[in-house]
Structure formats: C-alpha cells, structure tokens
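Student: To start, I am sharing the structure in question, which I have written as structure tokens.
The values are calculated or read from the model by the stated rules, or taken from the named source; none is laboratory data. Keep in mind that what you see is a predicted model, and the values were worked out from it rather than measured. FYI the Cβ positions are ideal-geometry reconstructions off the backbone, even for glycines, and counts take in every protein chain you see.
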Amino acid sequence: MASSSVSQALWETVETKWDDPAVHDAFLQACSEEGLLAFAAQKYREQRDGQEISRRELSESQLQKVTALALAQLTAVKSHPPEHKRIITVLSVLVSLALIVACAYLMTL
C-alpha cells in the first residue's frame, strides 16, 4: 500500500503513543488530505487483528472514522449534472408540451 513519508512517520507516532487520541486524529487528517485513507484503513486493520481487546476496540473505532472520512470525500466529489444538460431537459419538456397542446387543438377542429 502506498504511503507518504508524512503518513508513515505519523503512523509510527501512533504506534508509540497508541492511547493519545490527538495522535490518531493527526494521522487520519494527514491521510485524508493526502488521499491515503486506504493506507490508514490497512494499518488499523493490522492492529485490530490479533491484538488485545482494548487495542482491537480502538482500531475498530478508528476504522469507523476512516469510513466516515471516505464517505465525506465521496459526497464532496459527487458532481452535479452540467448546466447544458438541464437546459436540454427543460427545452425537451417544453417542446413535448407544445406538441401535446398542438395535437389537442387539432383534434378539436
């Protein structure tokens, strides 16, 4: 898994200061900003498996934060339809309505 020197150094700090929430937050923030949430998830999964209960629980909690950060990034990136598609849709609806009205008028003659 790819990582930056910053995220790798922060992970080493996390391992040495496991009980410090600020260190975990700094690591997740750096991974989020660098697009390395997969690296963070991998590291926490490694810690979750085969560790004592308190370490597993904190790892699971951090994995939930990684998931929330990833979802937030996906939501932020989600694109809206381009403006020209909206215009085409509105024009299509108006033309359809005009044709329906014209047909209705012709049927009354």
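Student: So, in the stretch 25-61, of the ones that are touching a residue at least 40 places away in the same chain (Cβ under 8 Å) and under 20 Å from Ala72 (Cα atoms), which residue ends up surrounded by the most Cβ atoms within 10 Å (Cβ to Cβ)?
Tutor: Leu28
Student: Right, here's the next one. Give the residues of the stretch 57-85 that are over 15 Å from the mean Cα position of the chain (by Cα) and modelled with pLDDT of 90 or more, sorted by residue number.
Tutor: Within the stretch 57-85, Glu57, Leu58, Ser59, Glu60, Ser61, Gln62 meet the criteria.
Student: Can you tell which of Ala26, Ala30, Ala9, Ala40 is over 20 Å from Ala68 (Cα atoms) and either in contact with a Phe, Trp or Tyr (Cβ under 8 Å, 6 or more places away or on another chain) or among the small types (Gly, Ala, Ser) (or both)?
Tutor: Among Ala26, Ala30, Ala9, Ala40, only Ala9 is over 20 Å from Ala68 (Cα atoms) and either in contact with a Phe, Trp or Tyr (Cβ under 8 Å, 6 or more places away or on another chain) or among the small types (Gly, Ala, Ser) (or both).
Student: Inside the stretch 16-72, can you point out the residues that are part of a loop (DSSP other than H, G, I, E, B) and within 20 Å of Ser4 (Cβ to Cβ)?
Tutor: If the condition is that a residue be part of a loop (DSSP other than H, G, I, E, B) and within 20 Å of Ser4 (Cβ to Cβ), then Lys17, Gly35, Leu36 are the ones that fit.
Student: Inspect all residues belonging to the stretch 84-100 and state whether any of them is charged (D, E, K, R), in a helix (DSSP H, G or I) and outside the structural domain of Val14 (by TED's automatic domain parsing).
Tutor: Looking through the stretch 84-100, at least one residue is charged (D, E, K, R), in a helix (DSSP H, G or I) and outside the structural domain of Val14 (by TED's automatic domain parsing).
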